[in-house]
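The values are calculated or read from the model by the stated rules, or taken from the named source; none is laboratory data. None of these values were measured; they are calculated from a predicted model. Reconstructed Cβ throughout: ideal geometry from the backbone, glycine too, with neighbour counts over all protein chains shown. Protein only, heavy atoms only, side chains kept; ligands, DNA and RNA dropped before computing areas. Shrake-Rupley method; radii C 1.70, N 1.55, O 1.52, S 1.80 Å.
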Amino acid sequence: MNEKALKTLEYFKILEKLESLAGSALGKEKCRSLRPLTDIEAIRTLQTETADALARIFKKGSLSFSGIHDIRASIKRLEISSCLGAGELLHISSLLTAVRYIRNYGRRGGDEDMGDTLTERFELLEPLETVNNEILRCIISEEEIADDASPGLKSVRRQIKATHDKIRDQLNSIVNSKDSQIVLQDNLITMRDGRYCLPVKSEYKNKFDGMVHDQSASGSTFFIEPMAVVRLNNDLRELGVKEKEEIEKVLQNLSNMLYGHTKELTYDQDTITEFDFIFARAALAKEMKASEPVFNDDKYINIKKGRHPLIDAKKVVPTDIRLGDDFSLLIITGPNTGGKTVTLKTIGLFTLMGQAGLHIPAFEGSQLGVFEEVFADIGDEQSIEQSLSTFSSHMTNTVSILKEADAHSLALFDELGAGTDPTEGAALAMAILTDLHNRGTHVAATTHYSELKLYALSTPDVCNASCEFDVETLSPTYRLLIGMPGKSNAFAISKKLGLSDEIIDMAGSFIGTRDKSFEDTVSELDKARVELEKREEETKAALEEARNLKEALARKNERIDAAKDKILARANEQARDILQKAKDYADESIRNINKLGSAGAAMRELELERSALRDKLDEAGAKTAIKRPGTPKKDRKPGDIKVGDEVMVLSMGVRGKVTSEPNQKGEVFVQMGAMRSSVKLTDLEYVESEPEVKTKKSTGAGKIAMSKSLSVSSECNIIGMRVDEALPIVDKYLDDAYLAHMPKVSIIHGRGTGALKDAVHRHLKNCRYVKGYRLGEFGEGDRGVTIVEFKE
């Protein structure tokens, strides 16, 4: 890409924003050197990396690269087995610490996390934790090595401390002696050339036994090392040399640990720098609310709601721009300050950003083509030094563009042909555009010339566009209208600002008939466009309203279905309760009927009991019946069912046999096992006769087994069962036997330990319809059987 276009389209300002988001010096350097690519696969790779990094930022937060140093020189020194200094080792440690943090950041979230284009690079980072921990243990700062860095260093420093203490003790004894009070200038201990000294008055220097190291500026004080501590000071000097030797050994050992890891350090340095660069691109995309553009080989540009990234986000107006689908040359017209130049810069800057791997501030699905060169002649480049006018300056740029532009280029012209005679300027502009169009160059140009509007209307693969202007508010809307030539709106604006109608009419008379007709046509097209857009907005609003209503209806249906399920569940619960009550009432009524029958009660009492039972069952059937819409089912005619027919009593779920003719109320007597009851014809259903009696299994409350007396045995065998298994069986057996009106029964429990017998006897004590019980006698089973007698 030519540097002039990068500067004209303000690409370097984007790089400044990008650089500010990088954390390391190497990352910033990589951001500054970023240039657009022309290989579509390489571009897509960069875009995918940016998208993956942006997804990680949204999921895990930002990744910091600050404090990372350039260790390339240190790696070179390690490759030749040089010893590194403390500062270099600390820089390597800071890099390795960052590598550990960054690798943990890039770790997969679980088995379902398939990773992305960055995952492998994260996993290949090597933090060299053993070496890093050793560096951090031994080196406190660039000026300080830890005492525990090595046993030798620790020993030397212990000796140094002991020697310091001895010297101070010796000097303190001299300072505190009475003889020294007159000799010393001050009662303090000082250092000169790394040796301990005392400040002695000049007049006593020859009387003080020691070595002179320095004197004060006034000459009144001499700094003398007492002979008593000379040997100790010499020892201290020697220990200092040993300390340096031990420190060199520590640094050499740490360097030795790194000699075999230069490849890992190089990879870590390069990868960290690359990550800093990638995540800076992602952070810029997040800051600009940008999206990944889709690149194509057809040089097709389709920007959806694009926002120029260098205009204040609160002021910029999103715009839709197309170029390269059914036209490769776009001529944009309209008033000044209407957004024409911004449109050109948006096309050019988005192309450069996209080909550099940066996301663009536009809606998802925006498309960009790949161009080998982008040329731009935008802005007033009048040069005083070169004595060039505005026209000459623009023409110089145009000539250079024409020398290089081809079918793989994108050319952008602002006010092509302006700055000279309008007729000649328009002619030159059409000739230049035609030449570029014939080469296959994709071109976008702005102009005020009406001739270029007509050129676009009459030339294939060329399209008009305009920047919309609101005459009522005298302000541009910054919307790009593709397919619609623009107007200068000079007359309308002048009239709005107060210019008299006479002058405006006079100005209109000076315009040629052809030009006036063209402008009128454009005005009519603009009015039609506004009306069409209005109807389109209304249609969209209606569709949106219909969609909302559809969604609301779907949600309502879901609520209705949920409510229906709840209602049915509640109804089933209520039905179970009702039928259970009916069953309990029926069981009690049958017991009463059997008791009355055995006691020889009057038929009236039996009939009253049966009638009460029938009413209760009818009530339960009415409560549980499902009411269905439609024509109600008519009662059966008296002649439909005859005496002797097998029928099903629907409310009770019991089969029976008709024993009487229907009366005037539509009722017949039905014999159901031991019970005979009056039933309405509407509650009966004819069934085929069966050759043998089958006990109807109860399928729910209200379905009473009326044939128990035909099937209940006179004994119940529970031998071998546990107590918790046997008692429910005994309880059920006693109920059935009592309902079958059996006077007594036998429960066979065996002898065994007697636990089963005792449990049965305890149960019989609490059974309200048991009259008494006893163990069996000889011939009845003896003590392995209990004989139970029922109450009448």
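Quick notes on this one:
- Where SER94 falls short, out of the listed (1) free of Cβ contacts under 8 Å to residues at least 40 places away in the same chain; (2) out of contact with any Asp or Glu (no Cβ under 9 Å at 6 or more places or on another chain); (3) under 30 Å from PRO309 (Cβ atoms): (3)
- Scanning the stretch 406-420 for residues being over 24 Å from GLU373 (Cα atoms) and crowded, with 17+ Cβ neighbours inside 10 Å gives a total of 1.
- Annotation note: of THR130, THR163, the sole residue that is part of a helix (DSSP H, G or I) and surrounded by fewer than 12 Cβ atoms within 10 Å (Cβ to Cβ) is THR130.
- Scanning the stretch 203-223 for residues that are open to solvent by less than 40 Å² (accessible area, probe 1.4 Å) and either more than 30 Å from ILE160 (Cβ to Cβ) or in contact with a Leu (Cβ under 6 Å, 6 or more places away or on another chain) (or both) yields a single hit, GLY219.
- Across the stretch 220-237, the qualifying residues are those that are touching a residue at least 24 places away in the same chain (Cβ under 8 Å) and in a strand (DSSP E or B), and the one among them that is farthest from TYR196 (Cα to Cα) is THR221.
- Residue among LEU128, LEU63, LEU46, LEU89 that alone is touching a Gly at 6+ places or on another chain (Cβ under 6 Å) and of a type in the set (A, V, I, L, M): LEU46
- Residue within the stretch 229-237 that is surrounded by 14 or more Cβ atoms within 10 Å (Cβ to Cβ), under 60 Å from the mean Cα position of the chain (by Cα) and of a type outside the set (Phe, Trp, Tyr) present: no
- Odd one out for LEU188, checked against (1) in a helix (DSSP H, G or I); (2) of a type in the set (A, V, I, L, M); (3) modelled with pLDDT under 85: (1)
- Once the stretch 744-759 is narrowed to residues that are touching a residue at least 12 places away in the same chain (Cβ under 8 Å) and more than 18 Å from GLU777 (Cα to Cα), the residue that is surrounded by the fewest Cβ atoms within 10 Å (Cβ to Cβ) is ALA755.
- Considered as a group, the residues in the stretch 646-673 that are open to solvent by less than 80 Å² (accessible area, probe 1.4 Å), in a loop (DSSP other than H, G, I, E, B) and closer than 26 Å to ALA740 by Cβ include one that is modelled with the lowest pLDDT, and that residue is GLY673.
- None of THR8, THR38 is β-branched (Val, Ile, Thr), within 30 Å of ILE378 (Cα to Cα), surrounded by 19 or more Cβ atoms within 10 Å (Cβ to Cβ) and modelled with pLDDT under 95 except THR8.
- Condition met for GLN269 (assigned to a helix (DSSP H, G or I), among the polar types (S, T, N, Q) and in contact with a helix residue (DSSP H, G or I) (Cβ under 7 Å, 6 or more places away or on another chain)): yes
- Hits in the stretch 421-449 (condition: of a type in the set (D, E, K, R) and either open to solvent by less than 30 Å² (accessible area, probe 1.4 Å) or over 48 Å from the mean Cα position of the chain (by Cα) (or both)): ASP421, GLU424, ASP435
- The number of residues in the stretch 280-302 that are within 26 Å of the chain's Cα centre (by Cα), of a type outside the set (S, T, N, Q) and open to solvent by less than 10 Å² (accessible area, probe 1.4 Å) comes to 6.
- Among the candidates GLU551, GLU573, GLU544, the residue that is open to solvent by 90 Å² or more (accessible area, probe 1.4 Å) and either over 17 Å from SER651 (Cβ atoms) or without any contact (Cβ under 8 Å) to a residue 40 or more places away in the chain (or both) is uniquely GLU573.
- Just one residue in the set LEU90, LEU136, LEU84 is assigned to a helix (DSSP H, G or I) and open to solvent by less than 50 Å² (accessible area, probe 1.4 Å); that residue is LEU90.
- The residues in the stretch 16-42 that are of a type in the set (Ser, Thr, Tyr) and over 17 Å from MET1 (Cβ atoms) can be counted, and the count is 2.
- The single condition from (1) open to solvent by 70 Å² or more (accessible area, probe 1.4 Å); (2) touching a helix residue (DSSP H, G or I) at 6+ places or on another chain (Cβ under 9 Å); (3) on the phi > 0 side of the Ramachandran plot that GLY779 fails is (2).
- Summed over the stretch 762-776, residues that are open to solvent by less than 30 Å² (accessible area, probe 1.4 Å) and closer than 16 Å to ILE719 by Cβ total 1.
- Selection within the stretch 303-324 - crowded, with 19+ Cβ neighbours inside 10 Å and among the charged types (D, E, K, R): ARG307, ARG322
- Which listed residue is in a strand (DSSP E or B), free of Cβ contacts under 8 Å to residues at least 40 places away in the same chain and more than 40 Å from the chain's Cα centre (by Cα), from ALA418, ALA376, ALA411, ALA407: ALA411
- ARG77 in contact with a Cys (Cβ under 9 Å, 6 or more places away or on another chain), closer than 24 Å to SER255 by Cβ and open to solvent by 60 Å² or more (accessible area, probe 1.4 Å): yes
- Selection of the stretch 13-27 for residues being in contact (Cβ under 8 Å) with a residue 40 or more places away in the chain and of a type outside the set (Asp, Glu) yields LYS13, ILE14, LYS17, LEU18, LEU21, ALA22, GLY23, SER24, ALA25, LEU26, GLY27.
- Output for the stretch 3-39, where each listed residue is touching a Gly at 6+ places or on another chain (Cβ under 9 Å), in a helix (DSSP H, G or I) and farther than 28 Å from ASP70 by Cβ: ALA5, THR8
- Selected residue (criterion: nearest to THR117 (Cα to Cα)) from residues of the stretch 258-279 that are surrounded by fewer than 24 Cβ atoms within 10 Å (Cβ to Cβ) and either in contact with a Cys (Cβ under 9 Å, 6 or more places away or on another chain) or of a type in the set (D, E, K, R) (or both): GLU274
- Of all the numbered requirements in (1) open to solvent by less than 50 Å² (accessible area, probe 1.4 Å); (2) farther than 16 Å from PRO476 by Cβ; (3) assigned to a loop (DSSP other than H, G, I, E, B), ILE331 misses one, and that requirement is (3).
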